[in-house]
Amino acid sequence: MKKSETEFEQNQAAQATEETGTLDQIHLSAAIQECVATPTQLKTLHACIKKVTADLDNFGFNTAISALMIFVNDAITWETKPTAVMRDFLKLLQPFAPHLAEELHAKLGGASTLAYEPWPKFDPALLVEDTIEIPVQVNGKLRDKIVVPAGATQKDIEAAAMASDKVKAFIGGQTIKKVIVVPKRLVNIVI
């Protein structure tokens with residue numbers, strides 16, 4: 001038994017020496033750059049800040065982590081990842097993965113520890129939607145989804161629904177009895 005314990009300890013010591021210095025060999029992706037964030041990137045970041053902040057206040061740790069995962073899934077698709085956005089993300093990650101967040105913060109050139117950095121605040125103006133997606137039903141069955149400006153009137157929404165090729169295929173020369181438009185929610189065409 002003592003021999004296997006000694007072998008285990010030697011194995012652990014060998015692993016530790018192999019891993020020493022590897023952090024210096026780790027390099028950030030070339031996609032992480034000092035650049036200006038796009039409106040889409042800022043919107044994604046600020047939605048994450050809002051959600052994580054609210055969830056931490058309400059002890060909703062699992063949904064806070066979910067918001068972080070949504071951010072990561074979106075950020076993976078970005079060609080360039082602004083360092084300012086990544087730094088703010090690391091502040092959000094820090095309560096859940098402090099060691100990883102600190103190491104990445106140092107790699108991004110952070111001078112102090114994340115524990116002394118101020119918590120990011122979200123900008124509600126960045127979360128305002130310019131367009132909305134509205135489902136269009138024909139006789140109560142979903143037939144299409146249209147995208148209209150957020151401030152579109154009922155007439156504009158109805159016109160966009162009637163102009164949809166998918167909807168036209170279902171209406172096909174039949175008489176329209178009624179068009180029900182619930183602003184920002186749905187359009188139902190009764191034939």
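All of the numbers you see were taken from the coordinates with simple rules; none came from a lab. Small disclaimer: the values here were computed from a predicted structure and weren't measured. Counting neighbours? That spans all protein chains shown, and the Cβs are built from the backbone with ideal geometry, glycine included.
Some values worked out for this structure:
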item	result
Inter-probe distance in nm under a simple model that places probes 7 Å from Cα toward Cβ, at LYS145 and ALA106	4.4 nm
Antiparallel %, DSSP beta bridges [both residues in the chain], to 5	70 percent
Cβ crowding within 10 Å averaged over residues, with 144-155, 180-191, 29-40 ranked highest first	180-191, 144-155, 29-40
Packing rank of 75-83, 171-179, where each peptide gets the mean count of other beta carbons within 10 Å, highest leading	75-83, 171-179
Computed over the stretch 131-190, Cα set: Rg, Dmax in Å	10.4, 30
With 5 Å bins from 0: P(r) over the chain, alpha-carbon pairs, percent	1, 7, 11, 12, 11, 9, 9, 9, 9, 7, 5, 3, 3, 2, 2, 1, 0, 0
Angle in degrees between helix 61-75 and the longest Cα principal axis of the chain, rounded to the nearest 10	80 degrees
Paramagnetic reach from THR153 in the stretch 161-181 [backbone N under 11 Å; point 7 Å along Cα→Cβ]	none
Mean Cα-pair separation over length for the chain, i.e. relative contact order, pairs under 8 Å, 6 or more apart, %	16 percent
Sparsely packed trypsin sites (Lys or Arg not before Pro) within the stretch 57-119, loop by DSSP, other Cβ within 10 Å at most 14	none
DSSP bridge pairs, the stretch 78-191: antiparallel proportion in percent, nearest 5	80 percent
Set LYS51/LYS178; LYS121/LYS184; LYS50/LYS184; LYS145/LYS177 screened for pairs whose C-alpha atoms are more than 31 Å apart	LYS51/LYS178
Theoretical gain in end-to-end length, LYS178 to ASP130 [0.36 nm per residue, Cα-Cα removed]	14.4 nm
Folded to 0 to 90 degrees: helix 39-57 orientation relative to the chain principal axis, Cα	70 degrees
Overall Cα dimensions of the stretch 30-126, principal axis frame, Å, largest first	36, 29, 22
GluC sites (Glu not before Pro) restricted to the stretch 90-191 and DSSP loop, no more than 16 other C-beta within 10 Å	GLU129
Length-normalised contact order of the stretch 30-126 in % [C-alpha pairs under 8 Å, at least 6 apart]	37 percent
Cα-based helix-to-principal-axis angle, 83-93 vs the chain, degrees rounded to 10	80 degrees
